[in-house]
């Protein structure tokens, strides 16, 4: 295969769309994977995800020749201080997501990832002093009205959706200032969690309450395969993002929550109330306004 630098622009774009779309489809269909582990506590699943991902990511780092960057990051105090809070946010996001999926809240999880781009805009305005364009303001207001409407009409605050959106939003905000690649950064975050995850898994198995090697070979393989589900789509996304405009990536990212939405409604028969339908309509409208405005702004300012 030709390196990306020798590809023609059209070939490069097609390859980028293929890589990025594949990543978002994997993320969007991941509830099917985590549902297999629905009888295992979400926290235990997270610990296995960390444990096996750490080894998997180390292999990729060596294979892609990022070892020098990885060891340099370990020795850099500033990077360590930046990545510690992102580790907490990532772990929290994973826990809420897997708990939501395995407790029949896939629709709320999908809503969270639909809201996430708008939360990113809000955080940029608050913390980075970024000025909003008029249509960005409209999209944020519309999304806010949608969440408020769901809270008042459905009688339940969408805490799962907002927790996922804001946790991942703050994660991205802090990671902006970390001078490391996404692969090395994720590997560092797994390194922070590796020792407590290892200790937790060992203690569970000593007590005889752990799932690993005690339920079935299928469960063992799915727990270990959590590493693949973590790292593989990330690599595909990285390959795609390098070949695409940010506006294109912005459109493609809605593949994941859309897949989750359809899984929740049609495969897992989660109840969909009229309040939820109207909220999704308002969020989708807000995203259309936001995405169209972003694409037009990019084209206008493209050199």
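The values are calculated or read from the model by the stated rules, or taken from the named source; none is laboratory data. Because the structure is a prediction, the values reported are computed rather than measured. Every residue, glycine as well, gets a Cβ built from its backbone with ideal geometry; the counts of neighbours run over all protein chains shown.
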**Study point:** Residue in segment 82-93 that is surrounded by fewer than 20 Cβ atoms within 10 Å (Cβ to Cβ), farther than 25 Å from residue 51 by Cβ and in contact with a helix residue (DSSP H, G or I) (Cβ under 9 Å, 6 or more places away or on another chain) present
**Key:** no
Check your understanding: In this structure, does residue 264 turn out to be more than 16 Å from residue 49 (Cα to Cα) and crowded, with 21+ Cβ neighbours inside 10 Å?
Key -> yes
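Please tell me if residue 236 is buried (at least 17 other Cβ atoms within 10 Å of the Cβ), in a loop (DSSP other than H, G, I, E, B) and either on the phi < 0 side of the Ramachandran plot or modelled with pLDDT under 85 (or both). Steps first, please.
Numbers: buried (at least 17 other Cβ atoms within 10 Å of the Cβ): yes; in a loop (DSSP other than H, G, I, E, B): no; either on the phi < 0 side of the Ramachandran plot or modelled with pLDDT under 85 (or both): yes.
The answer is no for residue 236.
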Review point. If residue 32 satisfies every condition in (1) under 30 Å from residue 218 (Cβ atoms); (2) without any contact (Cβ under 8 Å) to a residue 12 or more places away in the chain but one, which is the exception?
Key: (2)
Review point. Do we have any residue at all in segment 219-232 that's part of a helix (DSSP H, G or I), closer than 27 Å to residue 91 by Cα and without any contact (Cβ under 8 Å) to a residue 24 or more places away in the chain?
Key: yes
Exercise for review: Would you mention how many residues in segment 239-260 are within 19 Å of residue 113 (Cα to Cα) and at pLDDT 80 or above?
Suggested key: 9
